[in-house]
Amino acid sequence: MNIKIGFFSIFLISQLSVFAQELITPEKAVTLALENNYGIKLANTNVEIATNNAGVLNSGYLPTVTGNAGGTFNRDNTEAEFSDGRVTTLNGAESSRYNASVNLNYVLFDGLGRAYNYNQLKETQQLTELQARETIENTILQLFTVYYNVAELIENTDAIAQTLTISKDRLTRSEYQFQYGQSTKLAVLNAQVDINNDSINLMNSKQQLLNYKRDLNLVLGNALLSEFDIETSIEFKNLYDENELLEKAMANNVRLLQVNKNIDINSLGVKFQKSAYLPTIGLTGSYGWNKNNNNAASFVAVSTNTGLSGGLNLSWNLFDGGSAITRVKNAKINLEASAIEKEQLQATIVHDFNNAWDDFQNKLKIYELQEENIKTSQNNFDRTEEKFKLGQVNSIEFRQAQLNLLSTELSRNRARYLAKLAELEMLQICGELLNVEF
């Protein structure tokens, strides 16, 4: 009775440890990656910097205000001769001067260069956001590459474990048959060799699964502190329209959007450089305080001045040796280069989309064929197993049917997850990867 209770307790604890593992669904994996992935965090910091740069405090539209203050102390030996002939000699005569001021400078007009530069900063902020989006898309694709590797290995490990169980049953049957003279020792030895091979395969699969789980946790920013399990079921969205997806690729592909944004930035860059042809008008203002403590040789002992001053200035660089002209020409060349880059990228996107579309369709068909192979291999194994139990086939034929079933299961698992990754890669090219439900 105590043995039964002990066995039940061990079984219950083992089951509770299994069920206690956290289940990471695709939705939860995406959430964890967005919150904790190191690459995404770095991309978000770049967005914050670009947002700060595009603020009004960095626009040049606000005036500059500076404060100045100073003091001077003198100790002089002075000989003063007055107009009436008197001569006065002062040794160690002290004098001091103090001043303080608040100065304002404001650019009223700079050829609209400030406006174009501010708009460039706004466009650069949006470009940085697109770069962050590209980082997120690449990270999500990397995430699911590892995620589905884990899922594949989980199913492979289960299949290999099942194969090992069958091999153990076969060894038991072979030992009974040998004891009763129905088979030779060779059948027992073959069964033991197959068990060892299956055990090695199971150990390797478990170790590989553990490694891939660590890889997955790394992509998630080491957010998982305990053992976890993942969801292995997947669905395919077969209602895709090729022409519609291609249109989305040409409109929403993140690389193409970045090129368009660079064109906008370079267009503003041409206007910014042309602003050097126009004058700059500035406003200055100051409020100052000055106090002089003079020595005895001066007519005025102490003088204090306070007051406001203001001014308007104009600066026009009529000719700078051709530097402005050169900068305008180079800015135009950069704009033309951006347009060429866009044409090249558009051709590349069409090429990549067609390859991704065909690759997805091909891998989806392969997966469907592998599903059919599973039914055939399972049927063949079941029949072979029945004949093996009846002694109508030998252990070698039974083992071959067993390995055929295992190979088909592993190939089916591989085909399923490769097809799903091909689907995600196609959606990334179309700019739809972040718009689907995982």
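Eigenvalues of the alpha-carbon gyration tensor of region 17-98, scaled by 5 and square-rooted, set the equivalent ellipsoid semi-axes at 79, 19, 7 angstrom, largest first.
Starting from 0.36 nm per residue, how many nanometres of slack lie between residue 207 and residue 365 once their C-alpha separation is accounted for? Numbers along the way, then the final one.
On the way: separation 158, 0.36 × 158 = 56.88 nm, distance 3.10 nm.
The residue 207-residue 365 span can extend by a further 53.8 nm.
Of the chymotrypsin sites (Phe, Trp or Tyr not before Pro) found in region 137-198, those in coil by DSSP whose Cβ has at most 16 other Cβ atoms within 10 Å are 180. Mind checking the log10 I(q)/I(0) for the chain at q = 0.10 Å⁻¹? Debye, one equal scatterer per Cα, no solvent, two decimals. Rounded to two decimals, the profile gives -0.96. First check a/c for region 209-268, with a ≥ b ≥ c the square roots of the eigenvalues of its C-alpha gyration tensor; if it is under 1.5, answer rounded, and if not, answer prolate when a/b is larger than b/c or oblate otherwise. Taking the square roots of the gyration eigenvalues as a ≥ b ≥ c, region 209-268 is oblate.
Which whole-number value in Å³ per residue fits the convex hull of the alpha carbons of region 57-143? Please list the in-between numbers first.
Details: hull volume 17.1 nm³, N = 87.
Enclosed volume per residue, from the Cα hull, is 196 Å³.
On the basis of the beta-carbon distance and an R0 of 35 Å, residue 177 and residue 215 show a calculated FRET efficiency of 0.15.
Within region 86-107, what residues put their amide N at less than 20 Å from the label point 7 Å along the Cα-to-Cβ vector of residue 309? What the label zone holds, given the 20 Å backbone N cut-off, is 97-107. Approximating the spin labels as points 7 Å out from Cα along Cα→Cβ, the residue 281-to-residue 41 distance works out to 5.2 nm. Taking trypsin sites (Lys or Arg not before Pro) as exposed when their DSSP state is a loop state and no more than 12 other Cβ atoms lie within 10 Å, the longest site-free interval of the chain runs over 238-438.
Projecting the alpha carbon convex hull of region 233-367 along each direction and taking the average yields 20.0 nm².
Segment residue 65..residue 106, full-extension length gain: 13.9 nm, with 0.36 nm per residue of separation and the alpha-carbon distance subtracted.
Here the label points at residue 225 and residue 325, each 7 Å from Cα along the C-beta direction, are separated by 6.9 nm in the simple model. Here region 297-363 was treated as a single set of alpha-carbon atoms; its pair distances binned every 5 Å from 0 give 3, 10, 8, 7, 8, 7, 7, 6, 6, 6, 6, 5, 4, 4, 3, 3, 2, 2, 1, 1, 0 percent. Using Cα centres only, tell me the gap between region 252-282 and region 416-437 in whole Å. Result: 34 Å between the Cα centres.
In this structure the chain gives 60 Å² per residue of accessible area when probed at 1.4 Å with all protein chains present. One decimal place: the segment residue 339-residue 88 gains 82.1 nm when fully extended, by the rule 0.36 nm per residue minus the C-alpha distance. With the helix formula -39500 (n - 2.57) applied to DSSP H stretches of n ≥ 4, the chain reaches a computed 222 nm mean residue ellipticity of -23500 deg cm²/dmol. For region 338-438, place one equal point scatterer on every Cα, skip the solvent, and apply the Debye formula. What is log10 of I(q)/I(0) at q = 0.10, 0.16, 0.21, 0.23 Å⁻¹? Result of the Debye calculation: -0.47, -0.77, -1.00, -1.08. Across all Cα atoms of region 175-279, the radius of gyration (one decimal) and Dmax (whole number) stand at 31.5, 110 Å. Across the chain, the relative contact order, built from alpha-carbon pairs under 8 Å that are at least six residues apart, equals 22 percent. Here the 3J(HN,Hα) profile of region 313-324, calculated from phi with Karplus coefficients 6.51, -1.76 and 1.60 at θ = phi - 60°, is 10, 10, 10, 9, 7, 5, 7, 10, x, x, 5, 5 Hz, Gly and Pro shown as x. Measuring only protein heavy atoms, the 1.4 Å probe finds residue 112 accessible over about 90 Å². Less than 5 angstrom separates the built amide H of residue 109 from those of 281, all sequence-distant by 5 or more or on a different chain.
The values are calculated or read from the model by the stated rules, or taken from the named source; none is laboratory data. The structure presented is a predicted model; accordingly, all values stated were derived computationally and were not measured. We place every Cβ from the backbone using ideal geometry, glycine too, and count neighbours over all the protein chains shown. With ligands, DNA and RNA removed, areas are computed over all heavy atoms of the protein, side chains included. Shrake-Rupley method; radii C 1.70, N 1.55, O 1.52, S 1.80 Å.
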